[in-house]
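The values are calculated or read from the model by the stated rules, or taken from the named source; none is laboratory data. Predicted model, so just to flag it, every value in this text is computed and none were measured. Cβ placement follows ideal geometry from the backbone for every residue including glycine, while neighbour counts extend to all protein chains displayed. SASA here: full protein model, heavy atoms, side chains in, ligands and nucleic acids out. Shrake-Rupley method; radii C 1.70, N 1.55, O 1.52, S 1.80 Å.
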Amino acid sequence: QVHLVESGGGLVQAGGSLRLSCAASGSWFTFNTMGWYRQAPGKQRELVATITSGGSTNYADSVKGRFTISRDNAENTVYLQMNSLKQEDTAVYYCNTQATNIWTHRPLASWGQGTQVTVSS
């Protein structure tokens with residue numbers, strides 16, 4: 001099994017910054033794409049950013065130029081640096097990993113428990 005531990009959410013004023021972290025652990029797994037999604041009240045969960053093990057990134061248009069995703073492959077940790085935060089960024093942010101079992105080669109998608117980000121005016 002894969003276990004994800006998220007941290008870094010909180011309350012920040014508009015224009016401020018936060019950094020989210022997600023540490024993944026799991027014996028016998030390699031972690032491929034890792035990413036962040038978010039879900040605002042009354043809305044569907046949406047992609048924020050993803051990063052492959054090779055470092056290729058993908059961002060939602062709404063966060064391009066403000067958010068930066070990065071990862072530490074040695075620690076199986078993914079980060080999301082969020083700058084110039086807006087009220088519309090308020091949501092629960094979820095970490096997601098796409099892993100592969102090194103013995104069975106079966107894929108496994110996992111989600112973190114979510115961390116609240118609230119941006120005030």
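Quick notes on this one:
- The lone criterion from (1) over 30 Å from Ser121 (Cβ atoms); (2) modelled with pLDDT of 95 or more; (3) more than 12 Å from the chain's Cα centre (by Cα); (4) among the aliphatic types (A, V, I, L, M) left unmet by Val63 is number (1).
- Tabulated pairs, the range 33-54, first touching a residue at least 12 places away in the same chain (Cβ under 8 Å) and under 17 Å from Leu4 (Cβ atoms), second open to solvent by 60 Å² or more (accessible area, probe 1.4 Å) and among the aromatic types (Phe, Trp, Tyr), C-beta under 9 angstrom, 6+ apart or interchain: Tyr37/Trp111
- Pairs, first under 13 Å from Asp89 (Cβ atoms) in the range 7-30, second surrounded by fewer than 17 Cβ atoms within 10 Å (Cβ to Cβ) and of a type outside the set (Gly, Ala, Ser), C-beta under 7 Å, six or more apart: Gly9/Gln116; Leu11/Thr118; Ala14/Lys86; Ala14/Gln87; Ser17/Asn83
- Condition met for Thr50 (in a strand (DSSP E or B) and either at pLDDT 95 or above or open to solvent by less than 60 Å² (accessible area, probe 1.4 Å) (or both)): yes
- The range 15-47 - residue that is polar (S, T, N, Q) and under 19 Å from Gly114 (Cα atoms) and, of those, modelled with the lowest pLDDT: Ser25
- One residue stands out among those in the range 1-14 that are in a loop (DSSP other than H, G, I, E, B) and open to solvent by 50 Å² or more (accessible area, probe 1.4 Å): the one that is modelled with the highest pLDDT, which is Ala14.
- Any hit, the range 100-107, residues being of a type in the set (A, V, I, L, M), in contact (Cβ under 8 Å) with a residue 24 or more places away in the chain and open to solvent by 60 Å² or more (accessible area, probe 1.4 Å): yes
- Among the conditions (1) at pLDDT below 95; (2) under 16 Å from Leu47 (Cβ atoms), Asp89 misses just one, which is (1).
- Selection count, the range 92-121, where residues are of a type in the set (Ser, Thr, Tyr), in contact with a strand residue (DSSP E or B) (Cβ under 7 Å, 6 or more places away or on another chain) and either part of a loop (DSSP other than H, G, I, E, B) or at pLDDT below 95 (or both): 1
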